[in-house]
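**Q** The structure's right below; bear with me while I get my questions together.
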Amino acid sequence: MKQIVVVGGGGMAREVIALMNPVIQSGQVRIRGVIDDTLPLGEDFFPGYPYPVLGNIATFKPQESDLLLLAIGDPAARLKLGRELSTRGCRFFSFIHPTAIVAPDAKLGAGVVIYPYSLVSANTRLGDFVLINVHSGAGHDVVIGDGSVICAHVDLTGFVQVGEAVLIGSHASVLPKVRIGDCAKIGAGSIVVRSVRAHATVFAQPARTLKQAEE
């Protein structure tokens, strides 16, 4: 049985724990508790979730059997915390929901979280601490850098390259071979047809008239 410590005590922590319920109930994992900088020590981190607050993130010292699960939604914070905790000797747990599909030749880094009904296709590479939300797809030969967060219903088509600490909003689509630079933000519903520079924020759909029929 794997012993998990959840990093972060907000809404994403509750969400990820709820998604993990089947593997918790089956005895594959046990959640020892939560670490968070804002919650009182020793108490359950949220009503109905019987997992105590073990301490704050800055001073946490893992037990030998602890595996950390990042429940942080902000890409920059996710990457920063993941790397800081790694330097302190922490090891990370990757959670892949049983309904997600991961190609046999896909390569996943440490601390990856993949939500239900998502796809990681052939020869795709996910860096450390990547999060892919529900019903999202990373097509063949996609690369996603460390700490990036792919929100729900996102379509990353073939050969897309996503940098580190990128946020891609819900229902966004990225066309083949597009590159997205580090720390960029892609707004919800956007269709990205050309490469995006690092630290840029893009939003909206590039809709235009292709043909006008006679009235």
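**Q** Please enumerate the residues belonging to the range 128-145 that are crowded, with 23+ Cβ neighbours inside 10 Å, part of a loop (DSSP other than H, G, I, E, B) and under 12 Å from the mean Cα position of the chain (by Cα).
**A** The answer is F129, V130, S136, G145.
**Q** Given the conditions (1) buried (at least 18 other Cβ atoms within 10 Å of the Cβ); (2) modelled with pLDDT of 95 or more; (3) out of contact with any Lys or Arg (no Cβ under 7 Å at 6 or more places or on another chain); (4) aliphatic (A, V, I, L, M), report the number of the one that A103 does not fulfil.
**A** For A103, the failing item is (1).
**Q** Filter the range 146-203 down to the residues that are of a type in the set (K, R) and in a loop (DSSP other than H, G, I, E, B) and list them by number.
**A** Residues of the range 146-203 of a type in the set (K, R): 177, 179, 185, 194, 197.
Hits for the range 146-203 are K177, R194, R197.
**Q** Next question, about the same structure. For the range 60-69, does any single residue satisfy the condition of being within 27 Å of G169 (Cβ to Cβ) and of a type in the set (K, R)? Spell out how you get there, then give the answer.
**A** Filtering the range 60-69 for residues within 27 Å of G169 (Cβ to Cβ) gives 68-69.
The next check asks that each one be of a type in the set (K, R); those that pass are none.
Within the range 60-69, not a single residue is within 27 Å of G169 (Cβ to Cβ) and of a type in the set (K, R).
**Q** For the range 98-130, which positions are touching a residue at least 60 places away in the same chain (Cβ under 8 Å) and touching a Phe, Trp or Tyr at 6+ places or on another chain (Cβ under 6 Å)? It would help to see each step written out before you state the result.
**A** Of all residues in the range 98-130, those touching a residue at least 60 places away in the same chain (Cβ under 8 Å) come to 98, 113, 115-116.
Residue satisfying the conditions is V113 alone.
**Q** Another question about this same structure. Among the residues of the range 148-157, are any in contact with a helix residue (DSSP H, G or I) (Cβ under 7 Å, 6 or more places away or on another chain), more than 20 Å from I4 (Cα to Cα) and in contact (Cβ under 8 Å) with a residue 12 or more places away in the chain?
**A** yes
**Q** A follow-up question, please. I'd like to verify a number: residues in the range 12-29 that are under 14 Å from the mean Cα position of the chain (by Cα) and of a type outside the set (A, V, I, L, M), how many?
**A** The total comes to 1.
**Q** Condition test on V5, is it closer than 25 Å to K80 by Cα, of a type in the set (A, V, I, L, M, F, W, C), modelled with pLDDT of 95 or more and within 21 Å of the chain's Cα centre (by Cα)? Lay out the reasoning, then the answer.
**A** On the way: closer than 25 Å to K80 by Cα: yes; of a type in the set (A, V, I, L, M, F, W, C): yes; modelled with pLDDT of 95 or more: yes; within 21 Å of the chain's Cα centre (by Cα): yes.
It is true that V5 is closer than 25 Å to K80 by Cα, of a type in the set (A, V, I, L, M, F, W, C), modelled with pLDDT of 95 or more and within 21 Å of the chain's Cα centre (by Cα).
For every residue, the table says whether it meets (1) over 28 Å from G181 (Cα atoms); (2) surrounded by 17 or more Cβ atoms within 10 Å (Cβ to Cβ); (3) modelled with pLDDT of 95 or more.
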residue	(1), (2), (3)
Q25	yes, no, no
I35	yes, yes, yes
E64	yes, no, no
R78	no, yes, yes
G82	no, yes, yes
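**Q** Okay, next question. In the range 31-87, how many residues are under 18 Å from the mean Cα position of the chain (by Cα) and of a type in the set (K, R)?
**A** Looking only at that region, the number is 3.
**Q** Quick one: would you say V113 is in contact with a helix residue (DSSP H, G or I) (Cβ under 8 Å, 6 or more places away or on another chain) and buried (at least 23 other Cβ atoms within 10 Å of the Cβ)?
**A** yes
The values are calculated or read from the model by the stated rules, or taken from the named source; none is laboratory data. In this text the structure is predicted, and so the values were computed from the model without any measurement. Counting neighbours? That spans all protein chains shown, and the Cβs are built from the backbone with ideal geometry, glycine included.
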